[in-house]
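Participant: Here it is, the structure, as structure tokens.
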Amino acid sequence: MRFLETGIVGAWLIDPCPRRDDRGHIMRAWCSSEFLEHGICFIPVQANVVSSRLKGTIRGMHYWGSTTAEAKLIRCTRGAIFDVAIDLRPGSPTYGEWYGVVLTADNGRMMFVPGGCPHGCETLEKNTEMHLMASEYEAPEAPHGVRFDDPAFGIQWPVAVAMVSKQDRSWPLMPAEIVRKTETVTLADR
């Protein structure tokens, strides 16, 4: 795997390094020792498969428990998503910033989102699916989030929004002191 820094401290893009032969290919989707070599202590305890029927479906921006608790590793397994993380870790040099990248089933790219960073995505194709590994167990009583359209962050979603859950439309807006310093958007490999 090849680890690439993002615009958010502690968030990483991870490109697979598939080995190919006449049968097809094999690629590593997660390896604790490779993560540790990059200073990432990530022990997944739960994995979820998420599917969305419509292009333009937004899920997020979510975090579970406290803002420091849950780290995630996201990979698109069918279709394409625009995957986003926002840094809400007090004291972080990238506090208030967001980062977005296109993950597709074809590019196999993954994004690691550290604890303290709400995560969300928008589908870029119909019938899209993603695989998400998390460092914390999902607790129905502990969901938290920030609005996908909060002007404090100014996330630039790449396609027209077609569907957002009632819960995701209802998260409160962030206080005015959250000022977006910069945004980083990568639309490569689309």
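The values are calculated or read from the model by the stated rules, or taken from the named source; none is laboratory data. Here the structure is a predicted model, which is why all the values come from computation and not from measurement. A quick note on method: Cβ atoms are made from the backbone with ideal geometry, for glycine too, and the neighbour counts reach across all protein chains shown.
Participant: Looking for something hydroxyl-bearing (Ser, Thr, Tyr) and either closer than 19 Å to Gly145 by Cβ or in contact with a helix residue (DSSP H, G or I) (Cβ under 6 Å, 6 or more places away or on another chain) (or both) - is there at least one such residue anywhere in the stretch 100-120? Walk me through how you get there before you give the answer.
Facilitator: Pass one, the stretch 100-120, residues hydroxyl-bearing (Ser, Thr, Tyr): 104.
If we keep only those that are either closer than 19 Å to Gly145 by Cβ or in contact with a helix residue (DSSP H, G or I) (Cβ under 6 Å, 6 or more places away or on another chain) (or both) as well, we get none.
For the stretch 100-120, residues hydroxyl-bearing (Ser, Thr, Tyr) and either closer than 19 Å to Gly145 by Cβ or in contact with a helix residue (DSSP H, G or I) (Cβ under 6 Å, 6 or more places away or on another chain) (or both): absent.
For (1) within 27 Å of Ser165 (Cβ to Cβ); (2) in contact with a strand residue (DSSP E or B) (Cβ under 9 Å, 6 or more places away or on another chain), each residue gets a yes or a no:
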position: Met27; (1), (2): no, yes
position: Gly56; (1), (2): yes, yes
position: Tyr63; (1), (2): yes, yes
position: Ala69; (1), (2): yes, yes
position: Ile81; (1), (2): yes, yes
position: Ala85; (1), (2): yes, yes
position: Arg89; (1), (2): yes, no
position: Pro93; (1), (2): no, no
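Participant: Another one. Only one of Ala85, Ala134 is modelled with pLDDT of 95 or more and not hydroxyl-bearing (Ser, Thr, Tyr). Can you tell me which? Please lay out each step first, then the result.
Facilitator: Details: Ala134 fails: modelled with pLDDT of 95 or more.
From the options Ala85, Ala134, the qualifying one is Ala85.
Participant: If you don't mind, another one. Return the total of residues in the stretch 46-95 being small (Gly, Ala, Ser) and buried (at least 18 other Cβ atoms within 10 Å of the Cβ).
Facilitator: From the stretch 46-95, those small (Gly, Ala, Ser) are 47, 51-52, 56, 60, 65-66, 69, 71, 79-80, 85, 91-92; that's our starting set.
This time we only want the ones that are buried (at least 18 other Cβ atoms within 10 Å of the Cβ), so: 52, 56, 60, 71, 79-80, 85.
Looking only at that region, the number is 7.
Participant: Something else now. Restricting attention to the stretch 88-118, which residues are in a strand (DSSP E or B) and either at pLDDT below 95 or among the aliphatic types (A, V, I, L, M) (or both)?
Facilitator: Filtering the stretch 88-118 down to residues in a strand (DSSP E or B) leaves 98-104, 110-113.
Matches in the stretch 88-118: Val101, Val102, Leu103, Met110, Met111, Val113.
Participant: Among the residues of the stretch 17-33, is any under 16 Å from Met133 (Cα atoms), β-branched (Val, Ile, Thr) and part of a strand (DSSP E or B)? I'd like the intermediate steps shown before the answer.
Facilitator: Looking only at the stretch 17-33, we keep the residues that are under 16 Å from Met133 (Cα atoms), and these are 28-32.
From what is left, the residues that are β-branched (Val, Ile, Thr) are none.
Checking the stretch 17-33: not a single residue is under 16 Å from Met133 (Cα atoms), β-branched (Val, Ile, Thr) and part of a strand (DSSP E or B).
Participant: Looking at the stretch 135-164 only, could you name the residues that are aliphatic (A, V, I, L, M) and over 21 Å from Gly79 (Cα atoms)?
Facilitator: Initial filter on the stretch 135-164 (aliphatic (A, V, I, L, M)): 139, 142, 146, 152, 155, 159-164.
Answer for the stretch 135-164, where residues must be aliphatic (A, V, I, L, M) and over 21 Å from Gly79 (Cα atoms): Ala139, Ala142, Val146, Ala152, Ile155.
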